[in-house]
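Only one structure is covered here, and it is reproduced in the block below.
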Amino acid sequence: MTRIYLCIVSLLLLIYACSNDLESIGQDIVDNNNYIGSELVTVLNTATIRLDSFPTSSGTWGSSSSGSSVPKYIIVGKYDEPHGGTTTAVPCFQLDIPSDLGSPSFNAALDSAVFCIHLGSKIWGDTTYNIKSQGYNIYRLKELPEIVYSPTFNDYFYNISPVDYDKDSLIGRLEFLPKVEHINKAWARVNDNLAERMFYEMKFRSGKDSYYANTYAFRNFFKGLAIVPDETNDCLISLNAQDSLFMRFFYHDNGAERTTTFKVSRSEFLYNQYLTDRTDSPFAALESQRDEVYLRDVDFALCQGLSGYATTFTLPYPIGMPRYSTLLKVQLEVKVEYYTNNPIDAPASLYLYELNKTNDFMGRLQNTSSDVVGTPQESGGENERYYIFDMTEYYQNVIDRYDNTQTDVAIVLPEITSSYDYIVVKEEPVVRFYYANYKQ
Amino acid sequence: MKKIILLAIISLSCCFAFGQNNIGTPYSYYGLGLLPENTGAYAAMGGVSAAMRDNDNINYLNPASYTALDSNRFYFQLAMNGEYTWITTHREASSYRVMQHSYLNMALRLWKDLYFSFGFTEKSDIGYNINYNELISGSTDYTTFNQALQGMGGLNDIYGGLGWRYKNLSLGINFSYIFGKIEKQQTLIANMMSSYYVRTREYIRLKDMLFQPGIQYNWKLNSRSNLILGATMNFSQKLWAKQEFQAYKVNTGSVSSTMLDDETLKRGYIVYPFRISGGFNFQHKNRLRIAGDYTFQQLSKYEAFKEKQNLKDYHKAAFGVSLIPDAAGRFFRQRINYMAGAYFVDSGIRIRGLHADTYGLTAGVQMPFILPNIGNELLLGVALDAGMRGSERDGLVMERYIKLRVNIAFKEFWFMKRKIN
């Protein structure tokens, strides 16, 4: 009997060895018409607008109480860009009394005072083939910039805020080739009269009458500095503003070499003026933010930091979604010019802002839980590249809301106040809808 | 004790078997699924059944055959299948393995010439898992999507049947409770970063009663030979059914899911079409059996929620022989029932006008064992079934399969009165 049972169990085990592995083929015989499809819809009215103004300082409230909230970079220089015109960047900032100012003895002797800079993030311009020396004059301001305290505007200075420097108060001049190693070694000798006067005050200051007595007094004395590029410059340079932009005094005190350093002051007085001369550019007609120059008229649209250009268009309605179909992915595809050795970089990401009818920015366009962000893709033909914006949730929300309004948006650089990166849009962007028809 | 252990193993194996997909053929996509092509106690004889009757096997496919069982025994019978299938098209090849429980039956005599059987069988099987890639329509960068189609389920049958004998005529009827589900799952996923994919699940639950009468007539040709003619059928029956549908989409990044649909699509019925099977069984000296069957099912009348499918009628022809050298022989090999057969099935499926027919050859043995308890018997049947289904023409699928079937039947004396002299 045992053999019988063994025989039965063996046969059962043999059958169990046929574990259920049901991977099969046969799609051609299954009558299944469900599929994933895609549809392209071109956006409407692609155009370029120019922001009337945008803040370039952090304001009183943006400046921390500790006084250390200095923007990381300031931009200086001038660049003649063939698409958007000539942009000039003039930074304006205050210096602070050093915490280690000390009291040089009466027989201390000033050796020199210099103004030093250090490269911040990047250089926009030709730094490889036709390098030209860049010159910058450092002027003292006529007056301490006036902060208008206003809860509405948050005490900002803007890119168009005047930089009122005194052309007779040149305190030094910088000249260097636009290379990292040259920039980081560049310095300007501070006007001897000013240096001697400030050093004398260090030695013989007395109590509350001295402008070294407190920050307020020093600011009112010193007013501030502006770095003004030469007309012949052809680079915009980002300088490190936090700890590498300073005026340093070298002196001997009883035979010992000493230094004292005046660094950049708090951020509410630090701002950048950006002026763009569009006279000879296709965008000369952009007088206000309401004005638009259409891509179809000039064959391109521009989005750029510092100069304030933004590319605008109207997003299309979502495609019709019949019963038993749903969006799987929606992406905005923006094809831009791309050259590997272009003097101006393409940005690493882009934002979409919602616009009202007068082209005011109403806030970033959002998916359900995050901003709509565009990132560059490697795909694309020669000298072109795509920025892809994932808008799946945005469009799904539009469908869910039965929203019939068309949304105007603008492509904007995330670092519009500190980056001259740009994209040149050569074709109307498209929105690609991927959808699934999951039941017949 | 051994019997208890054996029954426990068998019962456990049944539980596992019910929990799995039974087949893996894309041809089960159509209609109620793949109808049984070769089943029953005589699977080794090509699956003949209409005129088959003996006192060893419960031939649940024709209830009239219950009257051939021993009057004083209780019968217990079950069968399991293991299947290995090579599946090819003109450009692809694959294979699958499945196991399945085939049936579980019990039978006993109720009263004089009235016999009763009950059990669990399958009416149809659905099982496929198809994955393929297609280009996304409208895509300019050759992005593809993957579609996975899975089918599972089938119809089950819990039956209770009566057989009654009057002289050479036997009549019977099975009362079946048909239930089950036809489930189709689908996954649509685009081959791209950061997107959603869609999963759907459509299933039809159905249940209802089905009646299957049968008849057999035993015609004695001479003292050593007899001819049995048999037939069984069921009328077209509407099975109550409900079709439900669920769909949701899943974010590939966050894996969060959103329900798209959860609804009852239809309530109504599915037509289980008229089916009839007839056949003969020639027996000579209780040694040789030659049997043939023809089965017809009017699948062209199949309807699901008043919608017809592109099915044609089902036809099956089967032929089988069996030989027992000497049922009372001295040697074990003489007592074995050697069986062989063949069958042909036109499943009614038409794809682009082409048939998906099945051809099979079968062979097997039924080995009788006398258990230690007085008179109790165990019949161990082993059948091999090799065949092919479909073709590679015009994009169809050719399936070449080999099945191993184990049929175990116990019969015990339950109703014998002991006499003490």
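Below, the figures for the structure above:
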item	result
The stretch B:105-150: number of residues that are within 14 Å of chain A (Cβ to nearest Cβ) and either in a strand (DSSP E or B) or closer than 21 Å to B:TYR30 by Cα (or both)	19
Residue check for B:THR200: within 14 Å of chain A (Cβ to nearest Cβ) and among the polar types (S, T, N, Q)	yes
Filter result (within 21 Å of B:ARG400 (Cβ to Cβ) and in a strand (DSSP E or B)) within the stretch B:321-349	B:ALA340, B:GLY341, B:ALA342, B:TYR343, B:PHE344, B:VAL345, B:ASP346, B:ILE349
One residue from A:TYR317, A:TYR339, A:TYR324 being assigned by TED's automatic domain parsing to the domain that holds A:SER418 and surrounded by fewer than 15 Cβ atoms within 10 Å (Cβ to Cβ)	A:TYR339
Test result for B:TYR96, more than 14 Å from chain A (Cβ to nearest Cβ), more than 27 Å from B:PHE296 (Cα to Cα) and outside any loop (DSSP other than H, G, I, E, B)	no
The stretch A:321-338 residues that are at positive phi, paired with ones that are among the hydroxyl-bearing types (Ser, Thr, Tyr) (beta carbon under 9 Å, 6 or more apart)	A:TYR324/A:TYR438; A:TYR324/B:THR200
Residue in the stretch A:131-142 that is under 25 Å from A:ILE344 (Cα atoms), aromatic (Phe, Trp, Tyr) and either under 25 Å from the mean Cα position of the chain (by Cα) or assigned to a strand (DSSP E or B) (or both) present	yes
Given (1) over 25 Å from B:PHE319 (Cβ atoms); (2) within 14 Å of chain A (Cβ to nearest Cβ); (3) at pLDDT 90 or above, index of the condition B:ALA43 fails	(1)
Residue among A:LEU13, A:LEU40 that is within 11 Å of another protein chain (Cβ to nearest Cβ), exposed (fewer than 15 other Cβ atoms within 10 Å of the Cβ) and at pLDDT 75 or above	A:LEU40
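Conditions tested, residue by residue: (1) away from chain A (no Cβ under 12 Å); (2) surrounded by fewer than 21 Cβ atoms within 10 Å (Cβ to Cβ).
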| residue | (1), (2) |
| --- | --- |
| B:GLY360 | yes, no |
| B:ALA363 | yes, yes |
| B:ASN376 | no, yes |
| B:ALA383 | no, no |
| B:ALA386 | yes, yes |
| B:SER391 | no, yes |
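The values are calculated or read from the model by the stated rules, or taken from the named source; none is laboratory data. On a predicted model such as this, the values are computed, not experimentally measured, just so you know. Cβ: placed from backbone, ideal geometry, glycine included. Neighbour counts: every protein chain shown.
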